[in-house]
Every structure is written in structure tokens, then in C-alpha cells.
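First up is the structure itself, then whatever we jot down about it.
The values are calculated or read from the model by the stated rules, or taken from the named source; none is laboratory data. Since this is a predicted model, take the numbers as computed values, not measurements. Please note: Cβ atoms are built from the backbone with ideal geometry, for glycine as well, and neighbour counts cover all protein chains shown.
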Amino acid sequence: MAADGSRERPERVAYEAPGWGRGEIWLDQLGRVLWHEAPSARNVALTGFHPLGERMMRYFGGAAADFDDVTVVDDELSGFQRELLVSARNLERAQVVTYGELAAAAGRPRAARAAGTFCAQNRFSVIVPCHRVVASTGIGGYGPLGVGYKQRLLELEGWSA
């Protein structure tokens, strides 16, 4: 809340990634990411220059951009979910682990299903790279964007099955 008791409006950063579509990032007043919607074929109005939007465009263009320095708002996450978030963010570009391996890295080796749920609900697409987490039986899902999008992200990073 602002000093006058009103809620501050988040800053919206919209960018276009050629071949991917338009994406959006929502930032709080401290510049922390509240939400990142990966680019897709949506009709969202573009905004002006923002360094994080520019970095996203480079990433989706194939550059080896990372987001290690980007702070995300994780206040509502449980302790275990924060550990999953940290473990996912520690994955290197094109490094792929299973949901069970992510759970083990977060200290709960028998919580693969919880790791899968965390990844399915990830609202920090690419910043928290859950596309690098796969099922033990195959690539696994990727929410409404679909398995093809997940495969494309992995290929963008140089991973091959």
C-alpha cells in the first residue's frame, strides 16, 4: 500500500518476441515480478522500453539471457514451494530434471507430485524455468501453452531429447 493507504498499481511491461507473440510482465513498485505471461498469439498493447522486456525479447530470440538477478514476489508460497522455486531457478540453461529430482533438490524426494503442481501453477514463466522440469515418462505438460511450447523452449536453449 502507498503511504496514503491506497493500493499502488503494478507496472505492466508488454513486449513482442518475433515468432513467439506478445508477452507481459507485471512489476510491483519495487520492481519485483508479480507475474510473467510468456509470449503467445495474444492481442496485447505493447508498452515502451523496459530493460526486463528487452531481456525477454533477447531470450526468446535465442540469446543466452538469464534472469538470476530478477526478484519475484513469493510471499504467498509455502516454505517447500520457496525451496522448489530456488531449486528450479538453479537449473542451468538446457539442463533438464524430473519432477522427482526437483522435489529432491528442494529437500522432499518423495514429493514429485507437489513439484509438478508447483510447476503447473508457476506464474513466473522463464524466470522460474519450470519448462526445464519434465515427467519421468516424458516431457510432461506446460499448462495452457501446451507441450509443444515447452518443447520449443527447451530447443531454444539447446536441449535435445
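Could you say whether any residue in the range 99-112 is at pLDDT below 95 and not charged (D, E, K, R)? No: zero hits.
When you scan the range 91-102, do you find a residue that is without any contact (Cβ under 8 Å) to a residue 24 or more places away in the chain and under 28 Å from GLY21 (Cβ atoms), even just one? Yes, the conditions are met somewhere in the range 91-102. Being in contact with a helix residue (DSSP H, G or I) (Cβ under 8 Å, 6 or more places away or on another chain) and either over 17 Å from ARG93 (Cα atoms) or touching a residue at least 24 places away in the same chain (Cβ under 8 Å) (or both) is the filter here, so list the residues in the range 139-148 that pass it. Result: GLY140, GLY141, TYR142, GLY143. Total residues in the range 19-70 satisfying the condition of being in contact (Cβ under 8 Å) with a residue 24 or more places away in the chain, more than 23 Å from LEU91 (Cα to Cα) and of a type in the set (Lys, Arg): the figure is 1. Checked against the criterion of being among the polar types (S, T, N, Q) and over 21 Å from VAL133 (Cα atoms), the range 68-75 contains not a single residue that satisfies it.
Within the range 114-146, how many residues turn out to be aliphatic (A, V, I, L, M), touching a strand residue (DSSP E or B) at 6+ places or on another chain (Cβ under 8 Å) and not in a helix (DSSP H, G or I)? Going through the range 114-146 one residue at a time, the tally reaches 6. Could we say that LEU84 is touching a Cys at 6+ places or on another chain (Cβ under 9 Å) and of a type in the set (A, V, I, L, M) here? Spelling it out, LEU84 is indeed touching a Cys at 6+ places or on another chain (Cβ under 9 Å) and of a type in the set (A, V, I, L, M).
Of the listed requirements (1) assigned to a helix (DSSP H, G or I); (2) farther than 30 Å from PRO10 by Cβ; (3) not basic (Lys, Arg), TYR149 misses just one: (2).
Kindly indicate whether SER136 is among the polar types (S, T, N, Q) and in contact (Cβ under 8 Å) with a residue 40 or more places away in the chain. No: the conditions fail for SER136. Only one of these is among the aliphatic types (A, V, I, L, M) and buried (at least 16 other Cβ atoms within 10 Å of the Cβ): VAL133, VAL147. Name it. After applying the criteria, what remains is VAL133.
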